[in-house]
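> Pasting a structure below so you can have a look.
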């Protein structure tokens with residue numbers, strides 16, 4: 001509830017602030033909503049996570065009168081989620097919608113983007129292909145889970161959010177982290193299994209914009225099997 005109230009507090013702020021300042025505060029507040037909803041979802045309360053996501057998005061939509069494109073995105077996403085029979089699936093769709101909205105409010109309204117050649121689908125044994133390589137020894141070691149780097153156009157980037165979403169389970173689970181210096185990320189307790197990886201700019205990211213395809217589980221090409229045991233995986237985005 002505190003996260004939703006943080007968005008409500010931006011209403012008064014919106015009456016005197018510039019649009020860019022409003023959008024930054026909405027993005028930060030939605031991040032809090034996202035984190036709290038994820039905690040509820042992963043603790044076995046998808047209905048609580050769904051209500052948290054839904055409340056935050058409804059409040060954000062009301063504030064974003066100067067961004068009808070984002071308002072429409074929120075409306076369409078809420079409607080699509082309501083059509084799902086499973087509350088867990090509804091919560092997961094709104095989890096992704098919040099990431100889309102946060103990306104949009106950090107970006108100026110724009111025409112359709114042009115991006116480079118997408119990387120191949122990444123497999124655990126496909127380390128020779130683009131999208132995943134073995135990082136140098138300076139990345140470090142973990143005893144369990146995964147560790148690696150995120151590179152954009154060949155350069156490591158700090159401050160991007162890395163989200164591992166399980167595939168093939170009745171109730172998807174979400175594991176998140178943020179890259180540090182030299183683009184290094186780690187999730188020490190990530191169980192072995194098949195995952196799709198989402199990568200989006202965080203509030204302090206060195207890169208403010210990445211191709212939209214990396215933002216959702218239905219479009220990300222980063223799909224692979226994690227073996228665990230401190231596996232090292234790099235993500236080379238382009």
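What follows is calculated from the coordinates using simple rules that are stated; it is not laboratory data. Since this is a predicted model, take the numbers as computed values, not measurements. A quick note on method: Cβ atoms are made from the backbone with ideal geometry, for glycine too, and the neighbour counts reach across all protein chains shown.
> How high is the FRET efficiency between residue 89 and residue 225 when r is their beta carbon distance and R₀ equals 30 Å, given to the nearest 0.05?
0.85
> Could you give the length gained by full extension between residue 20 and residue 66, i.e. 0.36 nm per residue of separation minus their alpha carbon distance, to one decimal place?
Extra length available between residue 20 and residue 66 comes to 15.5 nm.
> Still on this structure, I have one more. Using 1/(1 + (r/R0)^6) with R0 = 22 angstrom and r between the beta carbons of residue 238 and residue 28, what's the FRET efficiency to the nearest 0.05?
In this case the efficiency is close to 0.15.
> While we're here: Please report the antiparallel percentage of the DSSP beta bridges confined to region 137-237, to the nearest 5.
If we restrict to bridges inside region 137-237, about 80 percent are antiparallel.
> Another one. Hey, fewest Cβ within 10 Å first, where do 52, 236 land in order?
Neighbour counts put them in this order, fewest first: 236, 52.
> At 0.36 nm per residue, minus the direct Cα-Cα distance, what do residue 169 and residue 79 gain on full extension? Give it in nm, one decimal, please.
Contour length minus the Cα-Cα distance gives 30.0 nm.
> Another question about this same structure. When the Cα centres of region 43-96 and region 195-223 are compared, how far apart do they sit, in Å?
Here the answer is 19 Å between Cα centres.
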